[in-house]
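> Next up is a structure, given as structure tokens.
Values in this text are rule-based calculations from the coordinates and carry no lab data. Since this is a predicted model, take the numbers as computed values, not measurements. Cβ atoms come from the backbone with ideal geometry, glycine included; neighbour counts cover every protein chain shown.
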Amino acid sequence: MAMLDQNIRLRYAPSPTGDPHVGNIRTAIFNWLCARHYGGSLIIRVEDTDQTRKVEGATEELLEALKWLGLDWDEGPDIGGPYGPYYQSERLEHYREAADRLLENGDAYRCYCSPERVADVRKEQARLKQPLGYDRKCRGLSSSQRAESESAGVVPAVRFKMPEDGITTVDDLVRGEVSFQNRLIDDFVVLKSDGFPTYHLAALVDDHLMRITHVMRAEEWLPSVPRHLQLYRALGWEPPRFAHLPIILAPDRSKLSKRHGATSIMEYREQGFLPEAMVNFLSLLGWSLDDKTELLSVPDLMRHFTIDRVAKSAAVFDRDKLSWMNGHYIRQLEDDALADALLEHWRRYPPREISELPDKSYLVRIVPIIRERLKTLADAAPLIRFFFTDDVEYDGDELVQKGMDAATTRQALSAALAELEELSPFDSGTLEGVLRPMAEDLNVKVGQLFGSLRVATTGLRVAPPLFETMELLGKERTLASIRKAMAKL
Ligand code: GLU
């Protein structure tokens, strides 16, 4: 059995059936971190044999998501490798060969039952409260019975002969020994009548041919393992080691679903989450370094990621924690990197609030005053849109602060205007130096004066720090906005 060393080969085997779900991406990240930790290889294999569920473009989108997260792989559909092709739909002859071998050795048989008959059998079993599954009708067909169906033109499926008794035990690297009673598992289809394999056969044949040493995947696949182990036995192949990752639940302990918010990794990207935060967050869904460490960079994760620290118990997808983490990673970005991240985000998802991409040199000066307020990149545009337009929209009433009226507000703004017209240099320190004492002279509260000026210059009640904002707007634009505000009163 392969040891955990640089020869390990792990695979991530997505089915291109829709948007990449965060749970599925967690599987990719775990396989990647594990491969990198031990210096082994990560293989991506696209499980696209279910033609009815295939979604156009899903593979491309998935690879794009993985690249965005910073994952890399050693073999895969886009880069090839020594065990390709890496699309199952291009490997059908391998599955047929394996099915033929099972048939020849008497480990499988042709089944001529119609889908309707199989469904009726299950219905009847459900009514009688019996274990559900195929009733093995075709397992004992004589050659003349088979010939009869063949001549009637029925195209058979191939079913595997599960042992009718005994126990199959898997020694899972996460869950320990888990045993299954063979009699509860039916003779499952390995090759469908259309010549396409089922998941069981295809995944197993490829894991073997691609020399996969460790299969790490979601717990929902654990019940498939006895089928796979019996297939390995019948084919005379050595099975890989298995590690089944704990289920991911919503905070209310129900299954994570749309109702709890975004489930596609692409939605998180659109909402302005950073890849560093996503990787950190997802890597802690079922794995931990210790009881307390939450913030782990990719190099840290690679250094520490071992299978023995994967948990058995369910992981909880806590969005508040993700937001907190994202805020942390945003604060870690230097001005230049944060400006780049915002521009890249806006390029991909043009914000409603900003019609044209701003100059990076200007944005780099703005980011320091908003960095602390961002939980996501998407928070930025509404907060700083006024920097990029001279038509800030707001209602004149917004200017009037609590305890003031239009006349006193106008008076305050006009006094500020007179003062600022003469001001030089027009920087935040100097601005604060004149505006603070001015409130007292005007006999208004500092909060009242600053509140009116804030709305006048930004159109917002909650905005970045006032004096820095004015400095960045510059004298001319600041004065123009105050004049405009006065006209509204
Ligand atoms: N194609 C399966 C999926 O989409 C992979 C199952 C496995 O890893 O064996 O989840």
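> Express as a percent, rounded to the nearest 5, the fraction of DSSP beta bridges in the chain (both residues included) that run antiparallel.
55
> From the phi of every residue in segment 426-437, what ³J(HN,Hα) in whole Hz does the Karplus formula 6.51 cos²θ - 1.76 cosθ + 1.60 yield, where θ is phi - 60° and glycine or proline is x?
These are the phi-based 3J(HN,Hα) values: 9, 10, 4, x, 5, 4, 5, x, 9, 7, 4, x Hz.
> Oh, and also: In terms of Cα to Cα distance under 30 Å, which lysines are near enough to residue 375, apart from those fewer than 8 places away along the same chain?
Answer for residue 375, where 30 Å is the Cα cut-off: 67, 255, 258, 292, 321, 360, 402, listed by chain and number.
> Here is a further query. Let me check against my output: what whole-number percent is the relative contact order of the chain, with C-alpha pairs under 8 Å and at least 6 apart? Spell out each step's value before the answer.
Numbers: 697 pairs, mean separation 62.0, N = 489.
Relative contact order here is 13 percent.
> Taking the Kirkwood radius as the inverse of the mean 1/r across Cα pairs, report the Rg/Rh of segment 42-85.
Ratio value, two decimals: 0.98.
> Then there's this: How about segment 301-410: which GluC sites (Glu not before Pro) there are in a DSSP loop, with at most 15 other Cβ atoms within 10 Å of their Cβ?
In loop regions of segment 301-410 (DSSP not H, G, I, E or B), the sparsely surrounded GluC sites (Glu not before Pro) are 334, 353, 356, 393.
> Across the Cα atoms of segment 354-489, what radius of gyration and what greatest pairwise Cα-Cα distance (Dmax) are found, in Å?
For segment 354-489, the Cα radius of gyration and maximum Cα-Cα distance read 14.5, 42 Å.
> For segment 88-246, what are Rg and Dmax over the alpha carbons, in angstrom?
16.3, 50
> How large is the translational diffusion coefficient of segment 182-253 in µm² per second when you combine the Kirkwood radius over alpha carbon pairs with Stokes-Einstein at 20 °C and 1.002 mPa s?
157
> Taking Cα atoms, how many degrees apart are the long axis of helix 319-332 and the longest axis of the chain, rounded to 10 and kept between 0 and 90?
The two axes meet at around 60 degrees.
> What is the Cα centroid distance between segment 222-247 and segment 273-312, reported in whole angstrom?
That distance is 27 Å.
> Okay, next question. Just the isolated ones, please: cysteines in the chain lacking another cysteine beta carbon under 4.7 angstrom.
34, 113
> Here is a follow-up. Taking only the alpha carbons of segment 432-476, what extent do you get along each of the three principal axes, in Å, biggest first?
For segment 432-476, the Cα extents along the three principal axes come out at 26, 20, 16 Å.
> Also: Any chance you could list the semi-axes, whole Å, largest first, of the equivalent ellipsoid that the Cα gyration tensor gives for segment 142-200, using √(5λ)?
33, 15, 6
> Follow-up. If one computes P(r) from the Cα atoms of the chain, what percent of pairs lie at distances over 35 Å?
51
> Okay, next question. In terms of modelled amide H atoms, which long-range or inter-chain residues lie less than 5 Å from the amide H of residue 191?
158, 198
> Mind listing the phi-derived Karplus ³J(HN,Hα) values for segment 472-480, rounded to whole Hz, using 6.51, -1.76 and 1.60 with θ = phi - 60°, and x for any glycine or proline?
5, 5, x, 4, 4, 5, 4, 5, 4
> From the C-alpha coordinates alone, can you work out the Kirkwood hydrodynamic radius of segment 25-106, in Å? If you can, show how the numbers build up before the last one.
Numbers: mean 1/r = 0.0692 Å⁻¹.
About 14.5 Å for segment 25-106.
> In segment 54-131, which trypsin sites (Lys or Arg not before Pro) are in a loop and have at most 11 other Cβ atoms within 10 Å, using DSSP for the loop call?
Details: sites: 54, 67, 91, 96, 101, 110, 117, 122, 123, 127, 129; in loops: 54, 91, 129.
Hits after loop and neighbour filter: 129.
> Related question: Please give the helix 199-209 orientation as an angle from the longest Cα principal axis of the chain, in degrees from 0 to 90, rounded to the nearest 10.
So the inclination is approximately 90 degrees.
> Based on the Kirkwood radius over alpha-carbon pairs, what is the Stokes-Einstein translational diffusion coefficient of segment 313-402 at 10 °C with 1.306 mPa s viscosity, in µm²/s?
For the chosen part, D equals 108 µm²/s.
> What is the extension gain from residue 177 to residue 312, computed as 0.36 nm multiplied by their sequence separation minus the C-alpha to C-alpha distance, in nm to one decimal?
So the extension gain works out to 47.3 nm.
> Taking the Cβ of each residue in 149, 257 as the centre, tally the other Cβ atoms inside 10 Å and list the residues starting with the fewest.
257, 149
> Please list 3J(HN,Hα) in residue order for segment 296-301, calculated via the Karplus relation 6.51 cos²θ - 1.76 cosθ + 1.60 where θ = phi - 60°; whole Hz, with x for glycine and proline.
9, 6, 4, x, 4, 4
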